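What follows is one structure encoded as C-alpha cells, with my remarks underneath.
The values are calculated or read from the model by the stated rules, or taken from the named source; none is laboratory data. Owing to the predicted nature of the structure, the values given are computational and were not obtained by experimental measurement. Virtual Cβ from ideal backbone geometry, glycine too; neighbours counted across all protein chains shown. Heads up: the accessible areas ignore ligands, DNA and RNA and are worked out on the full protein's heavy atoms, side chains in. Shrake-Rupley method; radii C 1.70, N 1.55, O 1.52, S 1.80 Å.
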Amino acid sequence: MELETIREITERKMFTNVFQPIYHLPSQTIVGYESLLRCPLIKSPDLLFDAARKQGYVHELDMASIANSIQTFDLYYQQNYVNDLFLAVNVYPSTMSFPFFPQFLEKIITKTCLSNRQIILEINESEPLKDISKIMKNISSLKEKGFIIALDDLGTGEHSLYTLLEIEPDVIKFDNYLAKDLSSNPKKQKVLTYFLDFFDNNKKIILEGIETKEDMLCAQKIGVPYAQGYYLSKPHLLHISC
Ligand SMILES: [Ca+2]
C-alpha cells in the first residue's frame, strides 16, 4: 500500500461509514448509533489503519471518517428526528492527542443541527496509550464542551485500570468477549454483574457483540442497560432521501 493510495482514500473520500444501532435493552429501543468505517479498496478497517499508521497518516484518515460520520448522521437526524439520538464515533488515541482535535470537532458540529452532547467519542484500544498526559488535555477540553467520552473494548487491548481511573470516561464499552455465550457462562455473568454494581449509575455501560437471543435475554436479566450486536442489528448504511 503506497502513501499516495492512503492519501487518495482519505482526500477523495473513497470510503463510507455504516452505522450500527445501540439499544436500550430494557425498552428495546434504539438510542444511538456507532459509526464504522468501510473502504471497498481495503475491506478490513484494521488493515486500512495499519497501512495508514505505517505511513503516518492515521489522524488524517481518522478525522476524515469522523467528519463523514457526523455529516451523514446529521442528514439522517434531520430527516428522522428522534429526541436525543446519539452518535458514537471511534477515535484513535493519537488522533485524540492531536492538538487541534477539539477545534476540528467543534467546527464540524457547528455546521450541523447536532449538539456536542449527542456525540460519544470512543477511545479505541488499537494503540497503546504511551503517554496519557498527552491526551488528557484534549479529553478535559472536550468534556467541558459537552462531548461524551467512552472507553472502548474494556478488558481487552491496551486499556487498563490505570487508563480507566485517569480518563474517567462517561461511558464504558465491553467487547464481544464478554457477550459471547454469556447465557451459558456463569463466570462472564458474574464479571458483568460486578462491573454493573461497581459503576452503579455514574457510568453508562454498553455491551457489544450480542449475537443470540439467549445472550440478549441474559444481558437484560442481569441489568445491562445498553447493548449492540448482530442479533439486535447489523451495521448498515443510513437511509437518506435526496
Ligand atoms: Ca468502537
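Some points to look at:
- If you check Leu232, Leu196, Leu238 for being among the aliphatic types (A, V, I, L, M) and modelled with pLDDT of 95 or more, only one passes: Leu232.
- Count of the stretch 103-139 residues which are assigned to a helix (DSSP H, G or I) and closer than 17 Å to Asp153 by Cα: 0
- Hits in the stretch 94-136 - residues which are of a type outside the set (Ser, Thr, Tyr) and within 13 Å of the ligand (Cβ to nearest atom): Ile120, Leu121, Glu122, Ile123, Asn124, Glu125
- Some residue of the stretch 174-183 being touching a residue at least 40 places away in the same chain (Cβ under 8 Å), within 22 Å of Glu125 (Cβ to Cβ), touching an Asp or Glu at 6+ places or on another chain (Cβ under 9 Å) and open to solvent by 70 Å² or more (accessible area, probe 1.4 Å): yes
- Failed criterion for Asp46 (all others in (1) under 17 Å from the mean Cα position of the chain (by Cα); (2) open to solvent by less than 60 Å² (accessible area, probe 1.4 Å) hold): (2)
- Unmet criterion (only one of (1) modelled with pLDDT of 90 or more; (2) farther than 21 Å from Thr16 by Cα; (3) of a type outside the set (Gly, Ala, Ser)) for Glu125: (1)
- Helices (runs of 4 or more DSSP H) enclosed by the stretch 147-206 - at least 1 residues per element that are under 26 Å from Pro93 (Cα atoms) and out of contact with any Gly (no Cβ under 9 Å at 6 or more places or on another chain): 161-167, 186-199
- Number of residues in the stretch 137-151 that are within 16 Å of the ligand (Cβ to nearest atom) and either touching a Phe, Trp or Tyr at 6+ places or on another chain (Cβ under 6 Å) or over 15 Å from Thr163 (Cβ atoms) (or both): the value is 2.
- Any hit, the stretch 75-86, residues being within 16 Å of the ligand (Cβ to nearest atom) and either under 20 Å from Asp152 (Cβ atoms) or open to solvent by less than 20 Å² (accessible area, probe 1.4 Å) (or both): yes
- Those residues of the stretch 95-125 which are crowded, with 18+ Cβ neighbours inside 10 Å, of a type in the set (S, T, N, Q) and within 18 Å of Val171 (Cα to Cα), in sequence order: Gln118, Asn124
- Residues satisfying the stated conditions in the stretch 104-115, i.e. closer than 23 Å to Leu151 by Cβ and of a type in the set (S, T, N, Q): Ser115
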